[in-house]
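The values are calculated or read from the model by the stated rules, or taken from the named source; none is laboratory data. Since the structure is predicted, the reported quantities are computational estimates derived from the model, not experimental observations. A quick note on method: Cβ atoms are made from the backbone with ideal geometry, for glycine too, and the neighbour counts reach across all protein chains shown.
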Amino acid sequence: MFASFTRWGRVLGPVWMLLLGLSVQAAEPAAVEITAPVGGWRDTQATPGEFLQEVTYPAASVNANRVGANPSALIAGRITHMASMAKAPSVKSPTRRDPARLVVNGVALPLEVHADGQFARPWSFGAGSQGVSVSTATGEGRQERRQVQFFEANGARARIRLRVVLSWDSDMTDLDLHVVSPDGQHVFYGNRVAPNGGALDVDVTTGFGPEIFAHPAPPPGLWQVYVNYYGAGDGRDDLTVAQIAIIDNEGTLREKQQVRRVPMRKPGELTLVHTFQVNP
């Protein structure tokens, strides 16, 4: 059942900061730096397919090179202490790393950070108020967090009416998102763009995700979301928990979010995670 909530807080709350062109930051210098997006008011032009990244399967990592020329579709920055903690073991397994945490407009997901502390994640932002935050645990056991709020003033930018976000909690594992629309279109890593306008952004094969399906005008009817546990490295026997976030009418007062978590137990497992109805 969809959890409905009002968008007034996200739309109206940060207006005074947007007018000043400021981003929300911690009271003291933080170990987290967000270089994109920049807080404040912006009016950017949409680029066709800007949230589609060039990926050669099997991909080694998320490829943000193409989107790097278009900061309006990029989340990027650096976590200064990550270089020294790059080889720190995960609390779940001594062979795995714990990721940072990314929250985009209320959707929380793990964020892979490279050994030098850099992170880059393509994201297709629509019009209106947008919020991005990145947080991580420091070596002293404290949480460091940086948040940026901005307003996209270009109303011509297509809103993402339907967004499906797959992420998972383990490193060096490969989960794949499969979305089947009411008209029979099947979008996955081997067919990333559907004739009806839906598209999958990247195919992440090294753990955590996310993989994101987006559609500006989804056909009405019954939708199906599957997750395939494609493969794993040394942790083949480790349980991986997949998280699916479904956002309907994103960025509007009618926005609804639903989050489902499903345990994936072994490579080769294909699971129907959720079915949902899109109304005309």
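Looking at the range 213-269, which of its residues are among the charged types (D, E, K, R) and either touching a Cys at 6+ places or on another chain (Cβ under 6 Å) or outside any strand (DSSP E or B) (or both)? Please lay out each step first, then the result.
First, pick out the residues of the range 213-269 that are among the charged types (D, E, K, R): 234, 236-238, 248, 250, 254-256, 260-261, 265-266, 269.
Of everything in the range 213-269, those that are among the charged types (D, E, K, R) and either touching a Cys at 6+ places or on another chain (Cβ under 6 Å) or outside any strand (DSSP E or B) (or both) turn out to be Asp234, Arg236, Asp237, Asp238, Glu250, Arg254, Glu255, Arg265, Lys266, Glu269.
Can we say Val193 is touching a residue at least 12 places away in the same chain (Cβ under 8 Å) and surrounded by 23 or more Cβ atoms within 10 Å (Cβ to Cβ)?
no
Show the residue pairs that are 6+ apart or on different chains and have beta-carbon atoms under 7 Å apart, the first residue being within the range 127-156 and farther than 14 Å from Arg101 by Cβ and in contact (Cβ under 8 Å) with a residue 60 or more places away in the chain, the second being hydroxyl-bearing (Ser, Thr, Tyr) and not in a loop (DSSP other than H, G, I, E, B).
Phe151/Ser129
Looking at this structure, is Gln277 polar (S, T, N, Q), closer than 14 Å to Val165 by Cα and either touching a residue at least 60 places away in the same chain (Cβ under 8 Å) or surrounded by fewer than 16 Cβ atoms within 10 Å (Cβ to Cβ) (or both)?
So Gln277 fails the test.
Whether any residue in the range 244-261 is exposed (fewer than 15 other Cβ atoms within 10 Å of the Cβ) and under 16 Å from Met172 (Cα atoms) is what I want to check.
No, the range 244-261 contains no residue that is exposed (fewer than 15 other Cβ atoms within 10 Å of the Cβ) and under 16 Å from Met172 (Cα atoms).
How many of the residues making up the range 108-138 are hydroxyl-bearing (Ser, Thr, Tyr), assigned to a loop (DSSP other than H, G, I, E, B) and surrounded by 18 or more Cβ atoms within 10 Å (Cβ to Cβ)? Talk me through it step by step, then tell me what you get.
Restricting attention to the range 108-138, the residues satisfying the condition of being hydroxyl-bearing (Ser, Thr, Tyr) are 124, 129, 133, 135-136, 138.
Now narrow it down to the ones that are assigned to a loop (DSSP other than H, G, I, E, B): 124, 138.
From what's left, surrounded by 18 or more Cβ atoms within 10 Å (Cβ to Cβ): 124.
The number of residues fulfilling the criteria is 1.
When the residues of the range 91-107 are filtered to those that are in a loop (DSSP other than H, G, I, E, B) and of a type in the set (Val, Ile, Thr), which remaining residue is modelled with the lowest pLDDT?
To start, the set of residues in the range 91-107 that are in a loop (DSSP other than H, G, I, E, B) comprises 91-99, 105-106.
Imposing the further condition that a residue be of a type in the set (Val, Ile, Thr) reduces the set to 91, 95.
Values: Val91: 46, Thr95: 43.
Ranking the candidates gives Thr95 first.
Would it be correct to say that Leu200 is among the aliphatic types (A, V, I, L, M), surrounded by 21 or more Cβ atoms within 10 Å (Cβ to Cβ) and closer than 21 Å to Glu269 by Cα? Please lay out each step first, then the result.
On the way: among the aliphatic types (A, V, I, L, M): yes; surrounded by 21 or more Cβ atoms within 10 Å (Cβ to Cβ): yes; closer than 21 Å to Glu269 by Cα: yes.
Considered against the rule, which asks whether it is among the aliphatic types (A, V, I, L, M), surrounded by 21 or more Cβ atoms within 10 Å (Cβ to Cβ) and closer than 21 Å to Glu269 by Cα, Leu200 comes out as yes.
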